[in-house]
Amino acid sequence: MMKENDNDVPMDSLFDILAGPVKMAVLEAALDLKVADVLEHGMPVQAVARALDIRTDPKGLGFFLDSMAAMGFLEKQDGTYRNTGFARRYLHSGSPLYMKPFITRIKGMQHKNLGRITDIVRNGPPGVEKSEVLASEVTWEKAVAHLAAYQRAGMARRAADLVQALPEFKDARKLLDLGGGPGLMGAEMVRRHPRLKGVLMDQAAIIHLAEKEIRKEGLEQRISFIPGDYNETDFGGGYDIVWASHNLYYVRDPRRFYARLGQALTDKGVVACLHEGLTRERTRPAGIVLSRLSLALEGQDVSFEQGQIAGYLKKAGFARVESRTVNLGVDDWELVTARKTV
């Protein structure tokens with residue numbers, strides 16, 4: 001039953017929701033057709049059709065290019081289309097930041113159960129293939145190459161900005177990039193400090209791929225590797241900074257694990273963790289909640305609530321634990337720092 005003040009609630013958000021699948025379809029078609037590969041220079045629709053080997057009436061192509069322009073992928077002027085900076089950077093197959101593999105992988109995780117929400121809610125979660133279990137080495141071995149482009153596209157720089165702002169950074173000599181995947185966040189941190197050396201720890205199959213990325217960065221003399229499961233493998237020690245980003249979901253014994261982090265630190269070292277921190281009874285930030293719905297429905301809910309990691313660190317004996325919200329361009333994240341002394 002409608003209440004009187006319900007008449008003042010706008011329905012604009014419904015139209016935004018309806019446009020969502022259209023935007024995704026346009027993005028996927030743009031990548032499949034490799035439109036950005038042929039529009040480095042301006043072309044009218046007929047020339048684009050020839051370049052893409054489209055032999056039918058190009059009217060449909062024109063509608064599609066207009067939709068790409070509406071989304072900011074293309075510019076259109078006097079009937080001529082050309083790439084925007086976004087398309088050159090992320091949609092051109094020759095770009096080192098080409099996002100098709102990343103988008104395909106993330107879509108597979110975020111969208112796979114969307115067509116059966118009603119069934120799952122009524123009948124319970126479906127079975128999950130072993131290769132799709134988030135904690136498995138196989139899952140992240142498949143993902144690490146795609147994550148490299150994502151980290152290069154800006155996440156590595158933003159993470160390094162956060163670490164460089166820490167008071168400990170200027171005197172730091174040794175950094176642990178814990179569960180760092182392709183290792184480009186840690187690599188950017190090391191690059192910004194001439195006397196800093198890094199250690200990347202991750203599962204063995206991932207380290208094999210990360211070594212290639214670090215060689216591309218020319219930092220193989222300054223970054224070493226520890227292969228293994230962080231629940232069991234020795235971290236090493238003497239770290240001035242331990243960095244962990246979006247990877248602490250698989251800790252099996254929080255008290256023991258976070259205490260081990262403290263043991264790996266120097267007396268004046270700092271642990272810095274960047275993860276989501278869900279608020280409002282796990283309903284915000286909306287982008288994070290929605291992007292992880294599909295995984296949560298199948299029993300793989302991995303999101304931290306705000307203050308959860310800070311609580312683990314306090315229980316593990318860290319004397320000074322602080323947290324703050326940071327925005328890295330896509331939603332708000334929680335940055336937690338922990339020190340052994342006040």
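The values are calculated or read from the model by the stated rules, or taken from the named source; none is laboratory data. Since we're looking at a predicted model, the values are computed, not measured. With ideal geometry, Cβ positions are generated from the backbone for all residues, glycine too; neighbour counts draw on all protein chains shown. Side chains are part of the model used for accessible areas, which takes the heavy atoms of the whole protein and leaves out ligands, DNA and RNA. Shrake-Rupley method; radii C 1.70, N 1.55, O 1.52, S 1.80 Å.
At a glance:
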| read-out | value |
| --- | --- |
| F73 long-range amide H proximity, modeled H, under 5 Å | none |
| The stretch 188-289, accessible area per residue, ligands and nucleic acids excluded (1.4 Å, Å²) | 46 Å² |
| Amide H partners (placed H, <5 Å) of G180, local residues excluded | M201 |
| Phi to ³J(HN,Hα) by Karplus 6.51 cos²θ - 1.76 cosθ + 1.60 over the stretch 218-226, Hz, x for Gly, Pro | x, 10, 5, 7, 10, 10, 10, 9, 10 |
| Part-to-part distance (alpha-carbon centres) for the stretch 196-248 and the stretch 255-276, which is given in Å | 15 Å |
| Fluctuation leader among D12, D78, D202 - the chain, Gaussian network, Cα springs under 10 angstrom | D12 |
| Trypsin sites (Lys or Arg not before Pro), loop per DSSP, at most 11 other Cβ atoms within 10 Å - longest free stretch of the chain | 56-194 |
| Charge context of A36, other residues only, Cβ under 15 angstrom, K/R +1, D/E -1 | +1 |
| In the stretch 47-148, the GluC sites (Glu not before Pro) that fall in loop regions by DSSP, at most 11 other Cβ within 10 Å | E129 |
| In sequence order, calculated HN-Hα J values of the stretch 288-304 (Karplus, 6.51, -1.76, 1.60; Hz; x Gly/Pro) | 6, 4, 6, 5, 9, 4, 4, 5, 4, 4, 9, x, 10, 7, 10, 7, 8 |
| The stretch 229-342: Rg to Rh, with Rh as the Kirkwood radius over Cα pairs | 0.98 |
| The chain: antiparallel DSSP beta bridges as a percent of all, rounded to 5 | 50 percent |
| Label assignment, Kirkwood radius over Cα pairs in Å derived from the structure, set (1) 22.5; (2) 33.9; (3) 25.8 | (1) |
| Charge tally in the Cβ shell below 12 Å around W140, where Lys, Arg are +1 and Asp, Glu are -1, W140 excluded | -3 |
| Fraction of accessible area attributable to carbon and sulfur, the stretch 204-342 (%, probe 1.4 Å) | 48 percent |
| Per residue accessible area in Å² of the stretch 47-180, where ligands, DNA and RNA are left out and the probe is 1.4 Å | 54 Å² |
| Per-residue HN-Hα couplings for the stretch 74-80 [Karplus 6.51, -1.76, 1.60; θ = phi - 60°; Hz; x = Gly/Pro] | 10, 9, 10, 8, 6, x, 10 |
| Using alpha-carbon coordinates, inclination of helix 137-150 to the longest axis of the chain, degrees | 70 degrees |
| Highest-MSF residue in the chain out of A149, A319, A187 [GNM, Cα springs under 10 Å] | A319 |
| Cβ-Cβ FRET estimate between S131 and T104, R0 fixed at 25 Å, reported to 0.05 | 0.95 |
| Amide H partners (placed H, <5 Å) of E276, local residues excluded | F304, E334 |
